[in-house]
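Inspection log for the structure reproduced underneath, given as structure tokens.
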Amino acid sequence: VLRRFLVRTCVFDTLTASRCDRLLGTTDSQTHLETLERLQAFTDSHDSGRTFHYHEVLRAHLCVTLLEELGDAGARSWHCRAASILIQDGAAIEAARAYARAENWPAVRRLLDEIGASVAAQGLEPWRDLLPPWLIAEDPWLVLAEGRHFLTHGQLEAAIIGFQRAESMFTSAPGRALCRSARLAASIWLPGGLNTRTHWSGWLRAATRRHPGMVAAETEALRD
């Protein structure tokens, strides 16, 4: 019973009894989740049993088992079923990830309109194994997220190119402004870059150039 429960519920990033019950059509999911945690079966809860998570190594194995048991089409349908439940719970980011596992790209695109800013803020790394390169290249939020990934890894020129490309793809003024801000924050680290202080990194960059003590004194007046 517990094995089947594990395999069928591995489609959730975050497990709750309510989600599992709706997915399985049962009423005993809380008991199963608490049992798995008590048995130390790679199942953890950090909020006294309200939500649970499977260890990623276990989950990867469970997803393979789900595919073997349900077949390709059946597994995709099961992930979509989980995504629908997540949307009901207002968990749009998790729903997008479930749709991505189902390879339901139209549904992922629809949700990106809602969660794009959050995805861009997180960076692309949590999504890289889920999204095909062509989808990343076509969505401005994902292009922005990839630019931030490059910036985090010190690839300044690639990051700036990504920010410029994302800016050209956005049709909304807020999206373009976000790209411009990211591009300026990255460009100050280039040799001969602008000495601007519109972002916290501007003060850090100024301190690497000259008079770090004076720059430090300036930052003491910043409210944030």
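Subtracting the Cα-Cα distance of Trp189 and His53 from their residue separation scaled by 0.36 nm leaves 45.0 nm.
The structure shown yields percent of Cα pairs over 25 Å apart, and of the options (1) 45; (2) 53; (3) 38 that calculated value carries the label (2). Shape class for segment 124-175, computed from the alpha carbon gyration tensor (a ≥ b ≥ c): oblate, with a/c not under 1.5 and a/b at or below b/c.
Does segment 29-123 classify as rounded, prolate or oblate by the C-alpha gyration tensor (a ≥ b ≥ c root eigenvalues; a/c under 1.5 gives rounded; else a/b over b/c gives prolate, otherwise oblate)? Judged from the Cα gyration tensor, segment 29-123 comes out oblate (a/c at least 1.5, b/c at or above a/b). Modelled this way, with points 7 Å down the Cα-to-C-beta line, the labels at Val64 and Arg4 are 2.4 nm from one another. Across segment 212-224, computed HN-Hα scalar couplings (Karplus, 6.51 cos²θ - 1.76 cosθ + 1.60, θ = phi - 60°) run x, x, 5, 5, 4, 5, 4, 5, 5, 8, 6, 6, 9 Hz from first to last residue, x flagging Gly and Pro.
Spatial offset of segment 3-35 relative to segment 164-224 amounts to 46 Å, using the alpha carbon center of each.
With protein chains left intact and a 1.4 Å probe, residues in the chain average 55 Å² of accessible area per residue.
Computing FRET efficiency as 1/(1 + (r/R0)^6) for Ala173 and Ser201, where r is the C-beta to C-beta distance and R0 is 25 Å, gives about 0.60. Looking only at segment 160-192, which residues have a backbone nitrogen under 19 Å from a spot 7 Å from the Cα of Asp224 in the C-beta direction? Output list for this probe position: 174-188.
For the chain, with all protein chains in place and a probe radius of 1.4 Å, 55% of the accessible heavy-atom surface sits on carbon or sulfur. In percent, rounded to a whole number, the relative contact order of the chain is 10, using alpha-carbon pairs under 8 Å and six or more apart.
The values are calculated or read from the model by the stated rules, or taken from the named source; none is laboratory data. As the structure is a prediction and not an experimental result, all values here were calculated from the model. Heads up, the Cβs are rebuilt from the backbone with ideal geometry, glycines too, and the neighbour counts pull from every protein chain shown. The area values use the complete protein model at the heavy-atom level, side chains included, leaving out ligands, DNA and RNA. Shrake-Rupley method; radii C 1.70, N 1.55, O 1.52, S 1.80 Å.
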